[in-house]
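Step one of this worksheet: look at the structure below.
The values are calculated or read from the model by the stated rules, or taken from the named source; none is laboratory data. Since we're looking at a predicted model, the values are computed, not measured. With ideal geometry, Cβ positions are generated from the backbone for all residues, glycine too; neighbour counts draw on all protein chains shown. Remember, those area values only see protein heavy atoms, side chains included, never the ligands or the DNA or RNA. Shrake-Rupley method; radii C 1.70, N 1.55, O 1.52, S 1.80 Å.
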Amino acid sequence: MGALEPAEDVARIAALADRLNGRAGLRVDINARWDRFTANVHLPALVEAGIELIEQPTPTEQVEVLAELNRSLPVQFMADESVQSPHDALEVARRDAAGVIAVKTTKLGGLTRGKEVVTVARAAGIACHAATSLEGPIGTVASLHPACAEPGFNYGSELFGPLLLAETYVTEPIRYEEGRVHLPEGPGLGVEPDHDAVERFTRR
């Protein structure tokens, strides 16, 4: 969400929720596009439509606004852009700004920083979601390892970046089956670059 006029966007999602009619949960990401006023006007309609989680409705730095919304509406909020460091996670926890944090390896600057965010969140009782910046197979599997190993990742994942690619550049694609992504079992990250494909895709 966030690209259309708010009323149009909400009507579109509410219609989708009505068509799903309880057959699947529906979560939305507003991508930090709404200000406080817009969020207060339009989020109640999303809650009424049965949306189960709302991700980052308001701008990155406005943690206090996210906290206000989290206190006032009976729905889970997920902080994404607002958490770009372990300290940001601590601030979200202190302000009770979200029940879930989106942990993105690339956004946070690597696996160690991601693990630190999960540690802070777990200590505060905040769930963690293994989120994606739409990485390819190597970046995706790097995020998949901590998501499988760290109990603090307890709100699912969206590590689907490779599914958007027409071709791959690893010898064995990551396996997706029945709504799950499977951790490769090979050495290291568990995937091997396909050097012929890498050469083919290289721009000079």
> Can you tell me which residues in region 146-168 are in contact with a helix residue (DSSP H, G or I) (Cβ under 8 Å, 6 or more places away or on another chain) and of a type outside the set (A, V, I, L, M, F, W, C)?
Replying inline: Pro146, Glu150, Pro151, Gly152, Ser157, Gly161, Pro162, Glu167, Thr168
> Which one is nearest to Lys104 (Cα to Cα) among residues in region 163-183 that are in contact with a strand residue (DSSP E or B) (Cβ under 8 Å, 6 or more places away or on another chain) and surrounded by 15 or more Cβ atoms within 10 Å (Cβ to Cβ)?
Replying inline: Val181
>> Restricting to region 21-46, give me the number of residues that are more than 25 Å from Thr132 (Cα to Cα) and outside any loop (DSSP other than H, G, I, E, B).
In response: 8
> Can you tell me which residues in region 70-84 are of a type outside the set (Asp, Glu) and not in a helix (DSSP H, G or I)?
Replying inline: Leu73, Pro74, Val75, Gln76, Phe77, Met78, Ala79, Ser82, Val83, Gln84
> If you check Ala67, Ala97, which single one turns out to be open to solvent by less than 20 Å² (accessible area, probe 1.4 Å), assigned to a loop (DSSP other than H, G, I, E, B) and more than 30 Å from Pro162 (Cα to Cα)?
Replying inline: Ala97
>> The conditions are (1) open to solvent by less than 80 Å² (accessible area, probe 1.4 Å); (2) free of Cβ contacts under 8 Å to residues at least 12 places away in the same chain; (3) in a loop (DSSP other than H, G, I, E, B), and Ala15 fails exactly one of them. Which is it?
In response: (3)
>> Based on this model, can you work out whether Asp88 counts as assigned to a helix (DSSP H, G or I), open to solvent by less than 50 Å² (accessible area, probe 1.4 Å) and among the acidic types (Asp, Glu)?
In response: yes
